[in-house]
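Structure first, commentary second.
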Amino acid sequence: MNDFPRNKGVGGGSTSEETSTSEYRIREVEARLDRRLEAIESRGGRTGWATRFAAAGFMVSLAALAIVLWKVVPQGGARTVNSLSAREIVLRDAEGVERGRLATDSDGRAQLSLSDREGHQRIRLTVLADGSPGLAISDPDSRARAVLGYLPDGTTNLVFADSQGVSRAVLGLEPDGSAQAVFADPSGTIRTVVGVGADGTPSVSTIEGKTEEDPHKP
């Protein structure tokens, strides 16, 4: 029985998971073939030439596979490409939990989202079909707590919400250059407005009165 050389991996073996798995499968298939060849050769006679021919063909296949692995999974475990085209890219961690997603949809939106280890979306970056960009930061329950948006008319808003989803503070900049900050109580009722007009005139307004019943209280 000829001692066929084993595939040791390219460059002494890759540290990447893909390469290790591929090398294991190659060795497993090779070992099975060796056992079959030994059984055939033990019968002797006319099958000897066929055995050697099959072994030679197998080694050629192994060499071709090694070249493919070297091209696809280099020794560093990562491959650099100049261009990658896809409608959706999903990022998963070692446990298989989805941690990130980059995608476009049929409405013309492009979106990048990042999630925590529990799979809850925590950051979402979106560009709408009209070009309006937005950024949302969420809590562990996937409720948006801070949202930054830029509208086509030039308005920019930064909104902060509490744990019940009520908008409590809004900072805005208008297309004419005026700016204002609005603050609300737990019921969502506006209590204070601080602003600076387009001409630079400052203003402060407070709204007194009975607070509306908080629908979120038990």
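Only the coordinates and a few stated rules stand behind these numbers; no lab work does. Quick caveat, the model's predicted, so the values are computed rather than measured. Positions of Cβ are generated from backbone atoms using ideal geometry, with glycine treated the same way; all protein chains shown enter the neighbour counts.
Here are a few things to note about the model shown:
- Label-point gap, in nm, between Gln111 and Ser142 - each point 7 angstrom along Cα→Cβ: 1.0 nm
- Phi-based couplings in Hz for the stretch 150-166 (Karplus 6.51, -1.76, 1.60; Gly and Pro marked x): 10, 9, x, 7, x, 6, 10, 10, 10, 10, 10, 10, 8, 5, 9, x, 8
- Burial ordering of Thr201, Thr189, fewest other beta-carbon atoms within 10 Å first: Thr201, Thr189
- Cα gyration tensor shape for the stretch 117-196, rounded if a/c is under 1.5, else prolate or oblate: oblate
- FRET efficiency estimate (nearest 0.05) - Cβ-Cβ, Val127 to Val97, R0 30 angstrom: 0.70
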